[in-house]
Amino acid sequence: MSQNPGYDYIIAGMGCAGLSLAVQLSRSRVRFSKILVLDKELKNKNDRTWCFWDKENHNWYEPLVFRKWGQFRFRSTDFEKKFDLHPYQYKLVRGIDFYNYCLDELRKDPRFEFVQDELLEISSHENYAIVKGKGGYYQGTLVFNSAFRNQTIKTNHINYVQHFMGWVVETKTDCFDETCPVFMDFNTEQENDFRFFYLIPYSKTKALVEYTGFSPGAMKPEAYAEKLKIYFQKNHPGTPYTVIETELGSIPMAESAFVNPYGNRVINIGTAGGHSKPSTGYTFYFIQKYTAQLVAQLENDKRIPEEPRRKARFLFYDKVMLYVLHQKKLEGRAIFTRLFKKNKIETLLDFLNEASDWKTELKITGSMNSRFFLASAIKKLFAL
Ligand SMILES: Cc1cc2nc3c(=O)[nH]c(=O)nc-3n(C[C@H](O)[C@H](O)[C@H](O)COP(=O)(O)OP(=O)(O)OC[C@H]3O[C@@H](n4cnc5c(N)ncnc54)[C@H](O)[C@@H]3O)c2cc1C
């Protein structure tokens, strides 16, 4: 095994969080000579699609937004509405565009070095951290880790996943309203669970359709495929279609915090840093927010930046939501329908992006009008 020279920073994992951080560092005022970016994969596959909403049009990732919309539709069994999202926009970034854009830019910056290696361990030492891979040891003053996810699930904590499969489908005739994605469509059997579809139109003849569940475990790929077939048939009867891409995934939705067993020279980012919102699975927006905060700390000469953390009250709301879903006394579909029916869309999107103030949050939680929510909140407040 080889001992590599020391790097200023090592970025372990070049997925969404690693590459977001790398690009922002490359463009920043942070002084560094060498950054090593490590991943076991080459990131040359379109392995996921990110949807999110924001109010800005000058974020670093704006040029690679594939589609964006000023409206979306919410559908449930007893309520349906097309929402004008202003000042928000609902945006979509394709994984492959993201990887290509970031890697093209970073390869032009001579301060970045890339190594493909499967990582085995990370550890902090007095003035540096070491990453051990199958191909060697790498030393840097700091490691930003998104490769290893560590979560000790407490026995009394809820440990769910948001699991899904999506198809990019193509039709020969016009089929989709390309001006309006379907954010959530609950017109499907809930199976004593929380299930919905969403549909993101790329054009009149091409769309991403996903079937999603929030449950303790994922389903078999054939089961998602069956649901997608039924959904397409129901909404576009008799229209022939071809599945041109498939994405399958799961995102942790657990109450227990992600932990950092690697010491103070290692900073966890992305899902590993706890930046996947447990009650929704949305992560892209939070990755951008927290990697930008890290870069700002380094620009301000903070030698070891603090690991960005979600605000305690949002962690608490998520715990309550997971608990309510888990108890199954209220249907998840009914909860989300009420949220969309009773609140202004901008306020709700602020809340889901953890950008609201406590007064707004009181209104939103009050709109749930459920003694069961209150009882769950009290229970979670006093739970260990
Ligand atoms: C299919 C899919 C769709 C999603 N859609 C959305 C969405 O629409 N909106 C949203 O907000 N969020 C979405 N998410 C959630 C989240 O945004 C993504 O999971 C996001 O990629 C998380 O970024 P990350 O950097 O933490 O992890 P990743 O992007 O998974 O990056 C981690 C990297 O670490 C590497 N790695 C792992 N282990 C090792 C090892 N031992 N050695 C070397 N390298 C290693 C991996 O190869 C990978 O490149 C989705 C997730 C999935 C899976």
Quiz item: Taking into account only those residues within the range 243-267 that are modelled with pLDDT of 95 or more and in contact with a Ser or Thr (Cβ under 8 Å, 6 or more places away or on another chain), which is nearest to residue 355 (Cα to Cα)?
Solution: 266
Practice problem: Go through (1) surrounded by 19 or more Cβ atoms within 10 Å (Cβ to Cβ); (2) farther than 27 Å from residue 379 by Cα; (3) modelled with pLDDT of 95 or more one by one and return the number of the condition residue 299 breaks. | Solution: (1)
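When you scan the range 162-239 for strands (runs of 3 or more DSSP E) that lie fully inside it, which ones turn up with 2 or more residues that are crowded, with 21+ Cβ neighbours inside 10 Å, free of Cβ contacts under 8 Å to residues at least 60 places away in the same chain and of a type in the set (A, V, I, L, M)? Full working, then the answer.
Numbers: elements: 182-185, 195-201, 206-215.
Here the list reads 206-215.
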Self-check item: Single residue of 383, 296, 312, 377 found to be touching a Pro at 6+ places or on another chain (Cβ under 9 Å), among the hydrophobic types (A, V, I, L, M, F, W, C) and farther than 27 Å from residue 189 by Cα
Solution: 296
Exercise. Under 8 Å between Cβ atoms, at least 6 apart or on separate chains: pull out the pairs that start in the range 275-289 with a residue that is near the ligand (Cβ under 6 Å from one of its atoms) and end on any residue that is basic (Lys, Arg) and outside any helix (DSSP H, G or I).
Key: 283/277
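I'm checking my understanding of the structure. Among residues of the range 302-318 that are within 16 Å of the ligand (Cβ to nearest atom) and not in a helix (DSSP H, G or I), which one is surrounded by the fewest Cβ atoms within 10 Å (Cβ to Cβ)?
Of the residues in the range 302-318, the ones within 16 Å of the ligand (Cβ to nearest atom) are 307-310, 314, 318.
Checking which are not in a helix (DSSP H, G or I) leaves us with 307-310.
Values: 307: 18, 308: 20, 309: 13, 310: 18.
Going through the qualifying residues, I end up with 309.
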Quiz item: Does at least one position in the range 354-372 carry a residue that is under 22 Å from residue 184 (Cα atoms), in contact with an Asp or Glu (Cβ under 6 Å, 6 or more places away or on another chain), without any contact (Cβ under 8 Å) to a residue 24 or more places away in the chain and assigned to a loop (DSSP other than H, G, I, E, B)?
Solution: yes
Exercise. For residue 270, indicate whether it is within 14 Å of the ligand (Cβ to nearest atom), under 24 Å from residue 150 (Cα atoms) and modelled with pLDDT under 95.
Key: no
Quiz item: For the range 348-384, how many residues meet the condition of being surrounded by fewer than 16 Cβ atoms within 10 Å (Cβ to Cβ) and closer than 21 Å to residue 283 by Cα?
Solution: 2
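The values are calculated or read from the model by the stated rules, or taken from the named source; none is laboratory data. What you see is a predicted model; the values in this text were computed from it and never measured. Neighbour counts run over all protein chains shown; Cβ positions are idealised from the backbone, glycine included.
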